[in-house]
Amino acid sequence: MLRKLLHIVNLKMLHMFYIAHFCSQINYGTILGSSSSSMSNDFVIQERTVRIMLRLGPRSSCTEGFKKLDIITVPCLYIFAFILFAVKNLNIYQTNSSVHG
């Protein structure tokens, strides 16, 4: 789908399409039951998407592409989601001072 849109719309529209479709699916699946294998697959798909959007070769580095598009990588999204979960649910965790005097 993204390859078809590449020739029709500009980079800003591709970025909006990416956010609407890819990021929403990744954020939805982060807390619900993610594993390291699914995160690896998601990261590969994310790299392919960035390469398509920026018209890079299949073996080109995506590091600068992520920076140019202001896209957070999948591992960073997972870390961010779990930090948010921990902060929102502080009451279910014990502090070190409550266990050790």
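The values are calculated or read from the model by the stated rules, or taken from the named source; none is laboratory data. Given the structure is predicted, the values throughout are model-derived calculations rather than measurements. Here the Cβ is made from the backbone with ideal geometry for all residues, glycine too, and neighbour counts use every protein chain on show.
Tallying residues that are assigned to a loop (DSSP other than H, G, I, E, B) and either basic (Lys, Arg) or at pLDDT 75 or above (or both) within the stretch 24-78 yields 12. Does the stretch 82-96 contain at least one residue that is closer than 22 Å to Asn27 by Cα, surrounded by 11 or more Cβ atoms within 10 Å (Cβ to Cβ) and polar (S, T, N, Q)? Checked the stretch 82-96: no residue is closer than 22 Å to Asn27 by Cα, surrounded by 11 or more Cβ atoms within 10 Å (Cβ to Cβ) and polar (S, T, N, Q). Of the residues making up the stretch 1-23, those that are modelled with pLDDT under 75 and surrounded by 11 or more Cβ atoms within 10 Å (Cβ to Cβ) number 1.
Scanning the stretch 57-81 for residues that are at negative phi, under 19 Å from the mean Cα position of the chain (by Cα) and either exposed (fewer than 10 other Cβ atoms within 10 Å of the Cβ) or not polar (S, T, N, Q) (or both) yields a total of 17. Residue count for the stretch 1-22, restricted to those that are within 19 Å of Val44 (Cβ to Cβ) and of a type in the set (Lys, Arg): 1.
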